[in-house]
Amino acid sequence: MKRVMTCIECPQGCRLEIEADGRRVLSVAGQKCKRGDKYARQEIEAPMRTLTTSVLTGGLELKMLPVRTSKPIPKEKLFETMAAVKRIVVSSPVKAGAVVATDFLGLGVDLVACRSIDKK
Amino acid sequence: MGGGPAGMAAALAARAAGVQDILLLERDQHLGGILNQCIHPGFGLHHFKEELTGPEYADRFVRLLKEEQGIEVSLRSFVVKLTPGREISYFRPGALEEVRARAVILATGCRERTREMIQIPGSRPAGIYPAGLAQKMVNMEGWIPGREAVIVGSGDIGLIMARRMALEGVKVKGVVEIQKTSRGLVRNVVQCLEDFGIPLYFRHRISRIHGADRVEKVDVVRVDDNLKDIPGSGFEVPCDTVLVSVGLIPENELLEMAGGEIDRAANTPVAAGVNLTSVPGVFACGNACKVYDLVDWVTRDSALAGRMAAEYLEKK
């Protein structure tokens, strides 16, 4: 089975041609760097995405704190993860890179602050 | 002037090139500019060789500025006047300050084009936002602009907001693009629309917005290659929100005030080369100079503007 997809690893957006047998990738062509091959295999086997969003804060200088997952998570878990993020309120100052929630939803990834935030 | 990616890179590069006394003016209460609301990943692949979110990209420069003694950062400082002799007036809380600079770098970025500029007919109800404003509302203020949205224009901001709103539970009913292709990055069409099953209507336009107090629906029509409506191709989309993502306009009012020549079509400085203006000692960089699609190139070119200003000061 032949599949065509666009690599989303970087702004170049390479057009990938993939030969696959079900979820087993036989060959990948069209990528301008090695990330394309890795992306194609992952995308066929189990698509993963890094989630970025903002969480509410209380008593801090900004109303929202931007956060990201420390690693990509399964694409089908995006909405479930969003629902869980919405229950979080950050109420003490953090530094950029600080972990806001560990092993989020048991996915083996942390939720990480993307900026420093201080008290009001 | 301007503490976004362009101004920060220019200030740091000018300092590294030996400029002694640098004042960085930013109207917001934080440095970082538009990066602060661009919470998605995709920044820094060229400059830092890793993928960062906007706030993370900004944070790297904010840290460098904090360590730098030779750069005075003035926040909540709004420049209201620039003269040909490089006299600057700016407001900061409680004061109107006046300074004279030997060189000025304009890093004032862009503002958004609005619904009025593409002339969508219909009523003027609540619920119509420029996409970048909606981005600030959702990502920084915690306000969701509506429940069912249609997006006009498939530039990167429109695509990024389609995904952002979808993740927040908004039903994004489609992106309407009058051109044959997207102005945005292909990766954004894939990861922002296809991932979420959001339809992208090329060669379509919104022909009317309906609604008394709040947007109720929009009429969408297909157009031919001359952008004329194709009769009988119209359909209605019920929605309460319309996001308009139809391009950016460089902010160059200060340059104009200083007598600088402006290209009326693009609102960019007219000059002999990149980062230059027609006013001696006044430089422009980042989105004020030309609209960029990647912040990495803003950093690269703005650092060059900082070095050009340093060179100008040495020669004088």
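All of the numbers you see were taken from the coordinates with simple rules; none came from a lab. The model shown is predicted, which means the values in this text are computed figures rather than measured ones. Note that each Cβ is placed from the backbone with ideal geometry, even for glycine, and that neighbours are counted across all protein chains shown.
DSSP beta bridges confined to the protein assembly as shown are antiparallel in about 70 percent of cases.
Ratio of Rg to Rh for the stretch A:52-113: 0.95 [Cα atoms; Kirkwood radius as inverse mean 1/r over pairs].
A simple count of charges around B:I71, restricted to other residues whose Cβ falls under 11 Å of its Cβ and scoring Lys, Arg +1 and Asp, Glu -1, yields -2. A Förster radius of 41 Å combined with the Cβ-Cβ distance from B:F91 to A:D103 puts the calculated FRET efficiency at roughly 0.30. Rounded to the nearest whole angstrom, the semi-axes of the ellipsoid equivalent to the stretch B:1-125, taken from the Cα gyration tensor as √(5λ), stand at 27, 23, 13, largest first.
When the Kirkwood radius is taken over all Cα pairs of the stretch B:153-198, what Stokes-Einstein diffusion coefficient follows at 20 °C and 1.002 mPa s, in µm²/s? D, rounded to a whole number, is 208 µm²/s.
Database note for chain A: Cys without another Cys beta carbon under 4.7 angstrom, A:C10, A:C33, A:C114.
Placing pseudo-labels 7 Å out from each Cα toward the beta carbon at B:D263 and A:M1 gives an inter-label distance of 4.8 nm. The Rg/Rh ratio for the stretch B:114-244 is 0.94, where Rg is the radius of gyration of the alpha carbons and Rh is the Kirkwood radius. Calculated [222 nm] ellipticity per residue, helices only, for chain A: -5000 deg cm²/dmol; basis is -39500 (n - 2.57) per DSSP H run with n ≥ 4, divided by all residues, nearest 500.
Eigen-decomposition of the gyration tensor built on the alpha-carbon atoms of the stretch B:199-316 gives equivalent ellipsoid semi-axes of 43, 15, 14 angstrom, largest listed first. Using only Cα coordinates, the Kirkwood hydrodynamic radius of the protein assembly as shown works out to 23.3 Å. For a modelled paramagnetic label at A:K71, 7 Å from Cα along Cα-to-Cβ, the residues of the stretch A:91-112 in reach, with backbone nitrogen under 11 Å, are A:107-110. List, in the order given, every pair from A:K86/B:K217; A:K63/A:K95; A:K32/B:K49 whose Cα-Cα distance in the structure shown is over 18 Å. In this structure, A:K86/B:K217 lie more than 18 Å apart at Cα. Rg ratio for chain A: its Cα radius of gyration over 2.2 N^0.38 Å, N being its residue count, equals 1.32. Taken along its principal axes, the alpha carbon cloud of the stretch A:2-45 reaches lengths of 28, 15, 14 Å, longest axis first. Relative intensity of the stretch B:52-186 on a log10 scale, I(q)/I(0) at q = 0.14, 0.22 Å⁻¹, equals -0.91, -1.33, per a Debye sum over C-alpha point scatterers of equal strength in the absence of solvent.
Expressed as a whole number of Å, what is the distance separating the alpha-carbon centroids of the stretch B:264-316 and the stretch B:39-103? For the stretch B:39-103 versus the stretch B:264-316, the Cα centre distance is 15 Å.
Between the Cα long axis of helix A:34-45 and the first principal axis of chain A there is an angle of about 90°, rounded to the nearest 10. Scattering from the C-alpha atoms of the stretch B:26-77 alone, worked out with Debye: what is log10 I(q)/I(0) at q = 0.14, 0.29 1/Å? Debye intensities relative to I(0), on a log10 scale: -0.39, -1.08.
Under 1.5 on a/c is rounded, so check that first for chain B, then, if it is not, pick prolate when a/b is larger than b/c and oblate when it is not; a ≥ b ≥ c are the square roots of the alpha carbon gyration tensor eigenvalues. Verdict is prolate for chain B.
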